[in-house]
Amino acid sequence: MEDILKVYIYKEGQKPFFHDPKLWGVYASEGWFMKQMQEHTRFVVQDPNKAHLFYLPFSSERIRYSSLYDRKTRDKSNFIKLLSDYLDIIKAKYPFWNRTGGADHFFTASHDWAPIMTRPFMNGCIRAFSNADVSDDFVLGKDVALAQTLVLSKDDLLKDIGGKPLSERQTLAFFAGNLHGYLRPILLAFWENKDPDMQIYGKMNKSVTAEMNYTQRMKTSKYCISAKGYEVATPRVVEAIFFECVPVIISDNYVLPFFETLDWESFAVFVAEKDIPNLKEILLAIPEEKYIEMHKKVKMAQKHFLWHYEPVKYDIFHMTLHSIWYNRVFQV
């Protein structure tokens, strides 16, 4: 890929919806990918006739949280029209979308509503969604699962990276988060304040954080629970890897980032939503030797989920672009 791939970035589109994404928060993946795609000239060509892929640089977060969305009526038609009109300009000005039906075009979008924003007029292109739900309209073999990352500070992308050694990980399992969706209330109903080995909370209050905050708990737990919220994706998967805690993924129908490259079952545990009542039993049934090996592989996989100010080989930027390129190659 590094020797072959060339990408053309469309220059059309006005800021802030295009070319100017946020670089912090839970939707930061689309922002950092856009920033690095636009600045990392190794893959970019100025002549679209020399490109293998074409990038549509819009920000799903900027669009979602703009005045285009009417909170009172919940009408989404304005931001859908924005993207539809944008694509019409691209199709009228260039021949490239029309010649392939968009099959060699791609975008990255972290917000849960990105499938709604782009349906159905961008369905033909490679859609890199964080909301990678095969029970919805995510297409395996064409679309790409974009890793959802929480960036707390755009000035220190690797702040607090790492975790405690195995000997200091005394908590079996940890989860804390807002009770979004139907699944997390079920998780708490079975495990909140039920077992000292299972540190399961909703939104952490002051009495809990006074003893140990969220980050410290992830750093000192063996397993970190990633339970779906409103949608299948959550930044907790990458947070667990960031803090070297074996992720436990409870999210049916979720397509994991880089699944075509990484052996997720070697460093993560998958629990069906229906098996939440058996969560502790499932974790205790994992032999200590296997857990040690999984922890080792979490640390090995960590490099694939890190953002850097300048892209580093095999990091999240390269892995995401590779997934997009990989899917295009196998479509041709």
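The values are calculated or read from the model by the stated rules, or taken from the named source; none is laboratory data. A quick note: this is a predicted structure, and the numbers were derived from the prediction, not measured. Glycine gets a Cβ as well: all are built from the backbone with ideal geometry, and neighbour counts include every protein chain shown. The accessibility values were calculated without ligands, DNA or RNA, using every heavy atom of the protein model including side chains. Shrake-Rupley method; radii C 1.70, N 1.55, O 1.52, S 1.80 Å.
Residues Gln14, Gln38, Gln46: which one is open to solvent by 60 Å² or more (accessible area, probe 1.4 Å) and part of a helix (DSSP H, G or I)?
Residue meeting the stated conditions: Gln38.
Which residues, taken from segment 244-254, are over 21 Å from Lys303 (Cβ atoms), open to solvent by less than 40 Å² (accessible area, probe 1.4 Å) and not small (Gly, Ala, Ser)?
Val248, Ile250, Tyr254
Which residues, taken from segment 312-332, are open to solvent by less than 40 Å² (accessible area, probe 1.4 Å) and either in contact with an Asp or Glu (Cβ under 6 Å, 6 or more places away or on another chain) or at pLDDT below 95 (or both)?
Of everything in segment 312-332, just one residue is open to solvent by less than 40 Å² (accessible area, probe 1.4 Å) and either in contact with an Asp or Glu (Cβ under 6 Å, 6 or more places away or on another chain) or at pLDDT below 95 (or both), namely Asn327.
Can you name every residue in segment 154-185 that is open to solvent by 60 Å² or more (accessible area, probe 1.4 Å), within 25 Å of the chain's Cα centre (by Cα) and free of Cβ contacts under 8 Å to residues at least 12 places away in the same chain?
Asp155, Asp156, Lys159, Tyr182
Write out, first by first residue and then by second, each pair whose Cβ atoms fall under 8 Å of each other, whose residues are 6+ apart or on separate chains, and whose first residue, in segment 260-289, is open to solvent by less than 30 Å² (accessible area, probe 1.4 Å) while the second is part of a helix (DSSP H, G or I) and among the acidic types (Asp, Glu).
These pairs meet every condition: Ser266/Glu293.
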